[in-house]
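Down below is the structure, laid out as structure tokens.
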Amino acid sequence: MLNFVQADLQKVGIKVIPTPLDFNTLITNLRQDFQYDAMLLGLQSGVPPDPGMGQNVYRSSGLTHYWNIKQPKPETPEEAEIDRLISQNVTTVDMAERHRTYDRLQTIMNDQCWFVWLPTQIQKMPVRDKFGNLHPVVIPHRLLWNIEEVFVRSGSPA
């Protein structure tokens, strides 16, 4: 995996010297002594996937806000905007507004390049048309994350 990442990043001009660490050292480097230039980590969403589950990453005061950890307040206008957007996102039930605020948050994250996104697999999930209210997502549990809302259409064969 590290060689794959190293080779891929080298193609876009980023030199990487992989240094595997045990988890406790990694967390100490991240949160206390800051002895790193960059880290390869996997941040996952909760189940069900929801932007509100990532507040510790997005908020400037979050302990998992790795590009500028332990801030008492946002240090850039972009971080202040993300704080505002995540607050809006988690305080409304209007799905259109939640999509709008999360789309804007992701645009800022990508524009600022605080993360280097690694490729993900393209997966196809075959499902019979007798099921309704399926909304596949790219993270596990791709089809079952909203299972309490999935239904079998009436008149469909079992």
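Looking only at residues that are at pLDDT 85 or above and hydroxyl-bearing (Ser, Thr, Tyr) in the stretch 20-57, which one is nearest to Ile69 (Cα to Cα)? This residue is Thr28. Of all residues in the stretch 128-146, those that are at pLDDT 85 or above and either surrounded by 11 or more Cβ atoms within 10 Å (Cβ to Cβ) or on the phi > 0 side of the Ramachandran plot (or both) total 5.
Of all the residues in the stretch 5-25, those that are exposed (fewer than 12 other Cβ atoms within 10 Å of the Cβ) and in contact (Cβ under 8 Å) with a residue 12 or more places away in the chain number 2.
Out of all the residues in the stretch 90-118, which are in a loop (DSSP other than H, G, I, E, B) and free of Cβ contacts under 8 Å to residues at least 60 places away in the same chain?
Result: Thr91, Thr92, Val93, Asp94, Cys113, Trp114, Phe115, Trp117.
Checked against (1) at pLDDT below 95; (2) more than 28 Å from Tyr36 (Cα to Cα), Asn68 passes all but condition (2). Checked against (1) modelled with pLDDT of 85 or more; (2) more than 30 Å from Leu144 (Cα to Cα); (3) not hydrophobic (A, V, I, L, M, F, W, C), Gln88 passes all but a single condition, namely (2).
The values are calculated or read from the model by the stated rules, or taken from the named source; none is laboratory data. Only a predicted model underlies this, so the values are computations on that prediction, with no experimental measurement involved. Virtual Cβ from ideal backbone geometry, glycine too; neighbours counted across all protein chains shown.
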